[in-house]
Amino acid sequence: MADEYGYVDADGYFGEAVAAGYDASSAEMFAPRVVGPAVEFLAGLAGNGGRALELGAGTGRIALPLAGRGVRVHGIDLPRAMVARLRAKPGGAAVPVTIGDFATTRVPGTFDLACLVFDTIMNLTSQEAQVDCFRTAAAHLDPGGCLVVEVGVPDLRRLPPGQEAVPFRVDGRRLGFDVYDVATQSVSSHHVEAADGRGTYRAIPFRYVWPAELDLMARLAGTRLRERWSDWERSASAGESRQHVSVWERTGAW
């Protein structure tokens with residue numbers, strides 16, 4: 001049964017229709033200049049031969065090159081259509097991926113590193129689910145292990161008083177805009193595209209989250225902030241940063 005955003009199957013909002021064109025539509029994020037620093041950062045925390053858990057592994061943008069660095073990667077994700085793309089890529093069959101909700105799904109063993117990249121934490125559309133995700137990730141970590149989250153800083157200054165929609169893409173054939181509910185921190189991204197005389201529309205819900213709120217979630221999960229940067233190159237995080245890469249460290253045994 002479809003919901004207001006077009007949920008149609010067990011893969012949620014990232015089913016076959018999205019998975020088929022995901023890598024192409026996000027091509028900039030797959031560029032070596034983007035992936036390389038992220039993998040370098042994460043590999044440094046995991047260590048050569050270390051174990052890393054990626055929550056929301058998707059089509060393997062980070063999991064596959066991280067595994068190529070000698071890190072033993074395990075993924076968790078719900079959309080089977082996305083995971084099928086990962087498994088079909090070179091090296092994909094060697095990266096185990098558990099199908100399930102990454103907010104609550106547990107896998108065997110413990111890890112040196114757990115990570116959620118490219119705004120993945122926002123795919124959990126309630127504060128409760130985000131808190132559960134932090135607890136799940138932290139429960140997989142060895143003492144001293146690290147949880148890393150890459151996510152945008154809410155850009156509410158672009159939202160004029162009395163307006164709830166902000167465009168993020170307008171060109172000859174594509175229109176994208178976000179619709180905010182500041183009371184619930186909910187945002188839905190709407191995508192309209194025209195090609196060959198036909199139009200398509202899809203919308204995906206998210207929940208934006210503030211850095212201080214993430215720090216509280218981390219503390220509830222038994223971790224503490226170790227470092228925060230504005231990018232994977234460890235540029236200083238400041239008030240004008242549009243995103244952040246945060247690292248929390250597990251403080252002790254459960």
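The values are calculated or read from the model by the stated rules, or taken from the named source; none is laboratory data. As the structure is a computational prediction, the values presented were derived from the model and not from experiment. Ideal geometry is used to build each Cβ from the backbone, glycine not excepted, and the neighbour counts take in all protein chains shown. SASA here: full protein model, heavy atoms, side chains in, ligands and nucleic acids out. Shrake-Rupley method; radii C 1.70, N 1.55, O 1.52, S 1.80 Å.
Longest exposed-loop-site-free stretch of the chain, with GluC sites (Glu not before Pro), DSSP loop and at most 14 other Cβ within 10 Å?
Details: sites that count: Glu4, Glu164, Glu233, Glu240.
Longest site-free region, per DSSP loop and neighbour criteria: 5-163.
Order Arg174, Arg228, most accessible first, counting only protein heavy atoms with a 1.4 angstrom probe.
Working: Arg174 85, Arg228 55 Å².
If we order Arg174, Arg228 from most to least accessible, we get Arg174, Arg228.
When only C-alpha pairs under 8 Å and at least 6 residues apart count, what is the relative contact order of the chain, in percent? Kindly include the intermediate steps, with their values, before the conclusion.
On the way: 480 pairs, mean separation 41.5, N = 254.
Answer for the chain is 16 percent.
Please compute the alpha carbon radius of gyration of the stretch 134-226, then divide it by the globular-protein estimate 2.2 N^0.38 Å. Two decimals is fine. Numbers along the way, then the final one.
On the way: Rg = 17.9 Å, N = 93, 2.2 N^0.38 = 12.3 Å.
The value comes to 1.46.
Which one, Ala46, Ala94, Ala38, has the greatest fluctuation when you compute a Gaussian network model over the chain with C-alpha springs under 10 angstrom?
Ala94
Go through the stretch 74-80 residue by residue and turn each phi into a ³J(HN,Hα) via Karplus (6.51, -1.76, 1.60, θ = phi - 60°); whole Hz please, and just put x for glycine and proline.
Per-residue couplings from phi come out as 10, x, 10, 6, 8, x, 5 Hz.
Over what distance in Å are the Cα centres of the stretch 156-218 and the stretch 95-116 separated?
After rounding, the separation between the Cα centres reads 28 Å.
Kirkwood Rh and Cα-based Rg: tell me the resulting Rg over Rh for the stretch 175-254, rounded to two decimals. The partial results should precede the final answer.
Working: Rg = 17.9 Å, Rh = 15.6 Å.
When Rh is taken as the Kirkwood radius, the ratio is 1.15.
Choose one of Pro205, Ala238, Ala221: the residue whose Cα lies farthest towards the positive end of the charge dipole of the stretch 205-254 (beta-carbon charges +1 Lys, Arg; -1 Asp, Glu; about the Cα centre).
Ala221
What shape does the stretch 39-110 take by its C-alpha gyration tensor, where a ≥ b ≥ c are the square roots of the eigenvalues and a/c under 1.5 counts as rounded, a/b above b/c as prolate, and the rest as oblate?
Details: a/c = 1.96, a/b = 1.26, b/c = 1.55.
Oblate is the answer for the stretch 39-110, as a/c is 1.5 or above yet b/c matches or exceeds a/b.
Only Cα pairs within less than 10 Å get springs; with that Gaussian network setup on the chain, which residue of Ala93, Ala43, Ala194 has the largest fluctuation?
Residue with maximal mean-square fluctuation among Ala93, Ala43, Ala194: Ala194.
Just to check, using Stokes-Einstein with a Kirkwood Rh over alpha carbon pairs, what's the diffusion coefficient of the chain at 20 °C and 1.002 mPa s in µm²/s?
On the way: Rh = 18.9 Å.
It diffuses with D of about 113 µm²/s by this estimate.
Can you give the helix-only mean residue ellipticity at 222 nm for the chain, where every DSSP H stretch with n ≥ 4 adds -39500 (n - 2.57) and the sum goes over all residues, rounded to the nearest 500 deg cm²/dmol? Present the calculation step by step, with values, prior to reporting the outcome.
Numbers: 7 runs with 61 residues, N = 254.
Result for the chain, helices only: -6500 deg cm²/dmol.
Given H placed 1.01 Å from N in the peptide plane, which residues other than close sequence neighbours of Val97 have an amide H under 5 Å from its amide H?
HN-HN under 5 Å from Val97: Gly75.
Within the accessible area of the chain, what % is carbon and sulfur when the probe is 1.4 Å and the other protein chains stay in place? Intermediate results must be reported in sequence, preceding the final value.
Numbers: 6730 of 12500 Å².
Result for the chain: 54 percent of the exposed heavy-atom area is carbon or sulfur.
Through the Karplus equation 6.51 cos²θ - 1.76 cosθ + 1.60, θ set to phi - 60°, convert the phi angles of the stretch 166-180 into ³J(HN,Hα) values in whole Hz; use x for Gly and Pro.
10, x, 10, 8, 9, 9, x, 9, 10, 10, x, 8, 9, 10, 9
How many nm is it between the label spots at Ala27 and Glu240, if each spot is 7 Å from the Cα in line with the beta carbon?
Spacing of the two 7 Å Cα→Cβ label points: 3.1 nm.
Considering the alpha-carbon set of the stretch 156-205 alone, what are its Rg and its Dmax in angstrom?
12.4, 40
Could you tell me which of rounded, prolate or oblate describes the stretch 22-161, using a ≥ b ≥ c as the square roots of the eigenvalues of the alpha-carbon gyration tensor, with rounded for a/c under 1.5 and, failing that, prolate when a/b is larger than b/c and oblate otherwise? Working shown, then result.
Details: a/c = 1.42, a/b = 1.18, b/c = 1.21.
Rounded is the answer for the stretch 22-161, as its axis ratio a/c remains below 1.5.
Could you give the size of the charge dipole of the chain about its Cα centre, using +1 on the Cβ of each K and R and -1 on the Cβ of each D and E, expressed in debye and rounded to the nearest 20? Write out the running numbers ahead of the final one.
Details: 26 positive and 31 negative charges, 128 e Å.
Here the chain has a charge dipole of around 620 debye.
Pick from Ala137, Ala67, Ala183 the residue whose mean-square fluctuation is largest in a GNM of the chain, springs joining Cα atoms under 10 Å.
Fluctuation is largest for Ala183.
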